[in-house]
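Each reported figure results from applying straightforward, stated rules to the coordinates on display, with no laboratory input. For clarity, every value in this text was computed on a predicted model and none was experimentally measured. Here the Cβ is made from the backbone with ideal geometry for all residues, glycine too, and neighbour counts use every protein chain on show.
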Amino acid sequence: MTDAFVAHVQELRRGTIVLACLRLLREAGYGYSLLEQLASHGFETDANTLYPLLRRLEKQGYLESEWNTDQSRPRKFYLTSDEGERLAETLTAEWHLLTRAIASLTDEEK
């Protein structure tokens, strides 16, 4: 695959990772566990992509965070905010519209 091809695939997946994170973080979670959850649902991503995304979503008000220092290793836990839940609902509705639109294009090819 060419670099341009890979870049297009990554661009398509990037938006789906945002939605997946908002959905998965309806229950509080920290970065590494989120990476594992994403992978188990078929959203392969790496830490260099995820952590900046989490910080950006938090800065935008779509995630809330809190440090947990009860264990030997402090962890920052994230949770989808009310605004993040509204965004997730909107993105999900848009996703359904887009998948139907793409399906209509591929159905025309048959």
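Per residue, what volume in Å³ does the convex hull of the Cα atoms of the chain enclose?
About 129 Å³ per residue, rounded to a whole number.
Would you work out the charge dipole size for the chain about its Cα centre, treating the Cβ of every Lys and Arg as +1 and the Cβ of every Asp and Glu as -1, and quote it to the nearest 20 debye?
In total the dipole reaches around 260 debye.
State which helices in the chain qualify, where a helix is a whole DSSP H run, it must extend 24 Å or more along its own axis by its Cα atoms, and its mean Kyte-Doolittle hydropathy must be at least -1.0.
Those that clear 24 Å and a mean of -1.0 are 3-24, 82-109.
Under a Cβ-only charge scheme (Lys and Arg +1, Asp and Glu -1), can you give me the dipole magnitude of the range 64-104 about the Cα centre, in debye to the nearest 20?
280 debye
Which whole-number percentage describes the relative contact order of the chain, with Cα contacts under 8 Å and a sequence gap of 6 or more?
Normalised by residue count, the contact order of the chain is 26 percent.
State, to one decimal in nm, how far the label point of residue 13 lies from the label point of residue 41, with both points 7 Å from Cα in the Cβ direction.
1.5 nm
Hey, rough spin-label estimate for residue 4 and residue 76, points 7 angstrom out along Cα→Cβ, what's it come to in nanometres?
3.7 nm
Defining a contact as two alpha carbons under 8 Å apart and six or more residues distant in sequence, what relative contact order in percent does the range 62-106 show?
It rounds to 31 percent for the range 62-106.
Select from 79, 41, 99 the residue farthest towards the positive end of the dipole of the chain; place +1 on Cβ of Lys and Arg, -1 on Cβ of Asp and Glu, and compute about the Cα centre.
So the residue furthest toward the plus end is 79.
Rg/Rh for the range 1-48: what does it come to with C-alpha atoms and Rh from Kirkwood?
Result: Rg/Rh = 1.03.
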